[in-house]
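The block underneath contains the structure these notes are about, expressed in structure tokens.
The values are calculated or read from the model by the stated rules, or taken from the named source; none is laboratory data. Owing to the predicted nature of the structure, the values given are computational and were not obtained by experimental measurement. As a convention, Cβ positions derive from the backbone with ideal geometry for all residues, glycine included, and neighbour counts pool all protein chains shown.
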Amino acid sequence: MDDLYREQIIDRYKNPRHRGSLAPNDISYQDDNPLCGDHIQIDLRVNSEGIITEAAFDGQGCSISQASADLLIETVIGKSLDEAKDISKDDILDLLGIELGPVRLKCALLSLKVLKAGVYGLGAGEASDELVE
């Protein structure tokens, strides 16, 4: 089963479904993983009911960070901002489907940290790892 998930990660890394940017957007946030240099930016469009109608990510980094971002974006489209706030570390790990060590875990959770910082309206540099605990 791990091989199936590994293939999905490589496919999402090489052929992301949601890479790009949205201009104009309602929410945009970006951050880096200082341990490895991964970078993610997430843009969201939100309707008047607080539903995420469009989302995209851009950035560079390892296959785990980029696949995680692509899978997360797919997950949040159609969800409310409150539902996006409730996405957990375990949800991301379930999407990836493989066990990760502590260093790779930071790669996998960068997109969740960026998403939550944007949804909570944090300013540049205010996002912390506590957002994904």
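Taking residues in segment 38-49 that are free of Cβ contacts under 8 Å to residues at least 12 places away in the same chain, and partners anywhere that are not hydrophobic (A, V, I, L, M, F, W, C), the pairs with Cβ atoms closer than 8 Å and at least 6 places apart or on different chains are 47/53. Got a number for residues in segment 100-120 being in contact (Cβ under 8 Å) with a residue 24 or more places away in the chain and outside any helix (DSSP H, G or I)? Result for segment 100-120: 2.
One line per residue, one yes/no per condition, for (1) touching a strand residue (DSSP E or B) at 6+ places or on another chain (Cβ under 9 Å); (2) over 21 Å from residue 10 (Cβ atoms):
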residue	(1), (2)
83	yes, yes
90	no, yes
96	no, no
99	no, no
102	no, yes
107	no, no
114	yes, yes
119	yes, yes
123	no, yes
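Residue 107 satisfies every condition listed in (1) in contact with a Lys or Arg (Cβ under 6 Å, 6 or more places away or on another chain); (2) closer than 15 Å to residue 39 by Cα except (1).
Does residue 12 satisfy the criteria of being in a loop (DSSP other than H, G, I, E, B) and closer than 19 Å to residue 109 by Cα?
Answer is no for this residue.
Each row is one residue, and each column tells you yes or no for (1) of a type in the set (D, E, K, R); (2) at negative phi; (3) surrounded by fewer than 16 Cβ atoms within 10 Å (Cβ to Cβ).
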| residue | (1), (2), (3) |
| --- | --- |
| 10 | no, yes, yes |
| 18 | no, yes, no |
| 40 | no, yes, no |
| 50 | no, no, yes |
| 57 | no, yes, no |
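Output the qualifying pairs, or none if there are none: Cβ atoms under 9 angstrom, residues six or more apart or on different chains, first residue in segment 52-71 and touching a residue at least 12 places away in the same chain (Cβ under 8 Å), second residue of a type in the set (Val, Ile, Thr) and part of a loop (DSSP other than H, G, I, E, B). What qualifies is 52/77; 53/77; 54/77; 55/77; 64/98. Condition check: closer than 18 Å to residue 115 by Cβ and either modelled with pLDDT of 95 or more or assigned to a helix (DSSP H, G or I) (or both). Does residue 48 satisfy that? For residue 48, the condition - closer than 18 Å to residue 115 by Cβ and either modelled with pLDDT of 95 or more or assigned to a helix (DSSP H, G or I) (or both) - is not met.
For segment 98-115: of the residues being among the small types (Gly, Ala, Ser) and within 14 Å of residue 70 (Cα to Cα), which is surrounded by the fewest Cβ atoms within 10 Å (Cβ to Cβ)? Taking the candidates together, the pick is 108.
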